[in-house]
Amino acid sequence: MADSAQRAASIGYIAARWGFTHHASFARAFHGRYHMTPTDYRHISLDTEDGP
């Protein structure tokens, strides 16, 4: 999700690539590990990468 080359890939698509059949189960697992939603993680990562 932090890869700018995957910016157009939906989080649901990424979840499916990792074997999750439901976006919600991926989001819960992600939040449990990283303490933020996949969407928030993506925004923070890509904003940091883009610079000021």
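The distance between label points at Ser45 and Ala2 comes to 0.7 nm (points 7 Å beyond Cα on the Cα→Cβ vector). Binning the C-alpha pair distances of the chain at 5 Å intervals from 0 yields a P(r) profile of 4, 22, 28, 26, 14, 5, 1, 0 %, listed from the shortest bin outward. Once the Cα atoms of helix 38-50 and of the chain are each reduced to a long axis, what angle between those two axes, in degrees from 0 to 90 to the nearest 10, is obtained? Tilt of helix 38-50: around 20 degrees. Helix 23-34 axis versus longest C-alpha principal axis of the chain: approximately 60°, rounded to the nearest ten.
We did not get these values from a lab; they are worked out from the coordinates using the rules stated. Just so we're clear, the structure is a prediction, and the values are computed from it rather than from any experiment. Counting neighbours? That spans all protein chains shown, and the Cβs are built from the backbone with ideal geometry, glycine included.
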